[in-house]
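Where a number appears in this text, it was derived from the coordinates with a stated rule and is not lab data. Bear in mind that the values here come from a model prediction, so they are computed numbers and not experimental data. Neighbour counts are summed over all protein chains in view; Cβ atoms, including those assigned to glycine, are modelled from backbone coordinates with ideal geometry.
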Amino acid sequence: MAYVIGVDCGTSGTKTVLFDEKGTVISSVTIEYPMYQPKNGYAEQDPADWANAMINTIKAVMTKSGVNKEDVAGVGISGQMHGLVMLDKDNNVLRKSIIWCDQRTAAEVEEMNEKLGREKLIKITANPALTGWTAAKILWVKNNEPDIYEKCRHILLPKDYLRFILTGEYATEVSDASGMQLLDVPNRCWSKEVCDTLGIDMSMLGKVYESCEVTGKVTKKMAELTGLKEGTIVVGGAGDNAAAAIGTGVAEDGKAFTTIGTSGVVFAHTSSISIDPKGRVHTCCAAVPNAWHVMGVTQGAGLSLKWFRDNFCNAEKETAKCMGVDEYYLMDKEAEKVPVGANRLLYLPYLMGERTPHLDPDARGVFFGLSAMHTKRDMLRAVMEGVSYSLRDCVEVFREMDINVSDMMACGGGGSSPLWRSMLADLYNCPVKTASSKEGPALGVALLAATGAGIYSSVPEACKAVVKTDKVQQPEAERAPEYEKYYKLYTEIYPALKAEFAKLAKM
Ligand SMILES: Nc1ncnc2c1ncn2[C@@H]1O[C@H](COP(=O)(O)OP(=O)(O)O)[C@@H](O)[C@H]1O
Ligand SMILES: O=C(CO)[C@@H](O)[C@H](O)COP(=O)(O)O
């Protein structure tokens, strides 16, 4: 029996899973790390935390499982998208990574629009200039930390930094590179025109591969540190969402998924490229060769619930510890006791600005309708409902683009919540399914590794062989119209506050 490893470098932690070639989990280990927010709207992480977490989780799954290192056919790495890692000539990390949800680059987005023009940017990169994407972050460092920029020789995405640590190769792959805004997305290669116009030296960018191609091999030093065999292949892997697509079988037209991780994403596979002219949803290369995907993003999905837990739910944390259950499980049970609409309380999950559909880095979170009768439990339910309304906003854009999202899977930490899945089913008005494996991105990149190692002949074939549907949540005829009323009101709150968010940001 052959085995494959999937490493997922998420925002809350890095999870490494060792699977057998049929996708059965043999061993899984996660190590968490912090996100730093030195200013309102800033978000950074330390690449050393990612590297240590990867090394230690690989070592742990190898030791725990007792699997012979000769039998590990390959490794795939998935990761949070858009983060900027800068290395100097000696491969030292030059500064903390500015990550996907950081919103400091409004001026650089304007600079990109002035230099390239919005239409040309959409034509080449398939997306308008976006504050969270890597190109704007590179320009921010160039404009604000010129001494650091001067020393920079290599630019890598989070998971590609981990590849560098594991193999010594400077490389990326098409799905994650699409989120840098330097890739010619229709042609799946770096855009010389975009790089030259923005003054970014293309030699700093790694070689671009397809997601299932072999990009390098585990070095002797890393073999000693991780317990892997020297020379084990490492494939391109994928950005976390493109990876989750493979892990949930979303590799053909008509299939879609919603993930509630730190961010929230609604994702649909498209065999030909499809672009929203208003730029509200992203278009990227898929982890399947010759295919693309569209995705709508809510910046603060699971992040909202985590923020609520960390600031207001110490008692629940203690109870969960005593009972030996997950604290989010207890919070779900509390929220279930509150009726639809949270007793007339609405929540806008814009803690880190918002992408779909507003593209507004200045937007911020709101509780709307707070009354003296409300309790923490109502606020908890309102948070979960508000995130679901914002994911429905993504679905609305897809429907406008004629993209079918009725075959919907759910994944990510929040996707494991039956309550959250029922909210999505009611708001999307379609069944929401889960895959029998809960390992979305890690399974996705493990399947890419299995394809790169020749165990499967193609990525869709690997999905068909391994991914199976588990639970199906149907929409509820009674609840759906209730949610619809609240959703309608939800869509009216942001436009009423847009100008005020901008004023607040300037204070
Ligand atoms: N049982 C649960 N019920 C509701 N939400 C949950 C549950 N478990 C995890 N979550 C949510 O999932 C988030 C973490 O999801 P995960 O996919 O691990 O994130 P990331 O990919 O960013 O590391 C948490 O912040 C939390 O909001
Ligand atoms: O920015 C995006 C997608 O465009 C996010 O999906 C990040 O890729 C981070 O994801 P999680 O840590 O929430 O999984």
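Here are the numbers:
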| quantity | calculated |
| --- | --- |
| Packing rank of 48-60, 64-76, where each peptide gets the mean count of other beta carbons within 10 Å, highest leading | 48-60, 64-76 |
| Low-density loop cleavage sites - GluC sites (Glu not before Pro) in segment 473-507, where at most 14 other Cβ are within 10 Å (DSSP) | Glu476, Glu478 |
| Of Lys69/Lys433; Lys89/Lys503; Lys306/Lys506, those spanning more than 32 Å from alpha-carbon to alpha-carbon | Lys69/Lys433; Lys89/Lys503 |
| For the chain, size of Cβ-based charge dipole, Lys and Arg +1, Asp and Glu -1, in debye | 500 debye |
| Total formal charge among the other residues, if their Cβ is under 11 angstrom from that of Arg377, Lys/Arg +1 and Asp/Glu -1 | 0 |
| Estimated 222 nm signal from helices in the chain, with DSSP H stretches of n ≥ 4 weighted -39500 (n - 2.57), rounded to 500 | -12500 deg cm²/dmol |
| Mean Cβ neighbour count within 10 Å, used as a protection proxy, ranking 413-425, 17-29, 312-324, 361-373 highest first | 413-425, 17-29, 361-373, 312-324 |
| Between segment 65-115 and segment 389-439, the alpha-carbon center distance in angstrom | 27 Å |
| Cα centroid separation, segment 178-202 to segment 259-336 (Å) | 28 Å |
| For Leu345, Leu183, order by how many other beta-carbon atoms lie within 10 Å, fewest first | Leu345, Leu183 |
| Helix runs (DSSP H) in the chain reaching 20 Å along axis by Cα, Kyte-Doolittle at least -0.5 | 47-65, 376-400 |
